[in-house]
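Here the structure comes first, spelled out in structure tokens, and everything after it is commentary.
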Amino acid sequence: ETPVIDAGGKYILPGIIDVNRSFYHHFCYDQQRLLRLLKSQIISGTTFWIDALPIHELATISDTLNMDSIAIPDYSFHLLVDGIFCQNPESFLPLLCTHGITSMVFHWPLQENIPENRLNHVFEFAKQHNFLVLFDLQFLHQYDNSDNDIASDTVMGYHLDQLQALAQMVEMFRFKACFLNVHFVEELSILKKLRTNCEIFAELELSVTLGGKDAF
């Protein structure tokens, strides 16, 4: 009487975690678009979403997402660090704890001017309260407004310089860190050295397409 499912030629997964889906605003502004997104995610096996929100939007999470009429995957949030949060991180700690938020995201390099002393205060806050800090490493061409081509060695050199600077801050303040968009083998040597005495993680971007390949 036990149901048997033929899984021949298929992958068996406990569920897929989508860490690169900005889904929150779909709930707020376009319910039909949200429904289409939900169907596509469920069909693909996604059972858990992670998004990033600035501090001023955290208070609306529960009311927005706990909609009885829509079945959604489990969800979680990183705090998207901004200048308002950096002014006094401790004052926001009760709000973060209420929503179970234990991780913070920096788009790096920073998209707004935050003084170094305030930035250091955030890193001290992360260390004290055991927060995970994620650095989303941006490429030079992602924020360069010129139409000129940027040499590949310039892009790579800038990426390495940014990672090296962040590695020094992690080593100085000893908070848990995760680096997103790691592309180059030279970056791995920086991370391996840092990992000898710091708790770090990294998202490694593969430069090949796995689908249809015999070997990679």
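The values are calculated or read from the model by the stated rules, or taken from the named source; none is laboratory data. Keep in mind that what you see is a predicted model, and the values were worked out from it rather than measured. Methodologically, a virtual Cβ is constructed for each residue, glycine included, from the backbone with ideal geometry; neighbour enumeration extends over all protein chains shown. To get the accessible areas, we keep the full protein, side chains included, count just its heavy atoms, and leave off ligands, DNA and RNA. Shrake-Rupley method; radii C 1.70, N 1.55, O 1.52, S 1.80 Å.
Below are the figures for this structure:
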{"item": "Pairwise label distance in nanometres, residue 139 with residue 60, each label 7 Å out on the Cα-Cβ vector", "result": "3.3 nm"}
{"item": "Straight-distance crosslink candidates among lysines, where the alpha carbon sits under 21 Å from residue 10 and sequence neighbours closer than 8 are dropped", "result": "39, 213"}
{"item": "Stretch gain in nm, segment residue 25-residue 1, where the contour uses 0.36 nm per residue and the Cα spacing is subtracted", "result": "4.1 nm"}
{"item": "Label-point separation, residue 110 to residue 13 (7 Å along Cα→Cβ), nm", "result": "3.6 nm"}
{"item": "Whole-number D in µm²/s for region 13-52 (Stokes-Einstein; Kirkwood sum over Cα pairs; 37 °C, 0.692 mPa s)", "result": "313 µm²/s"}
{"item": "Percent carbon-and-sulfur accessible area, region 74-113, ignoring ligands, DNA and RNA, probe 1.4 Å", "result": "51 percent"}
{"item": "Estimated FRET transfer efficiency when R0 is 25 angstrom, pair residue 172-residue 88 (beta carbons, to 0.05)", "result": "0.70"}
{"item": "Highest-first arrangement of 122-129, 177-184, where packing means the average Cβ count within 10 Å", "result": "177-184, 122-129"}
{"item": "Anchor residue 127: lysines whose Cα lies under 25 Å away (excluding residues fewer than 8 positions away in-chain)", "result": "176, 192, 193"}
{"item": "Theoretical gain in end-to-end length, residue 98 to residue 160 [0.36 nm per residue, Cα-Cα removed]", "result": "18.6 nm"}
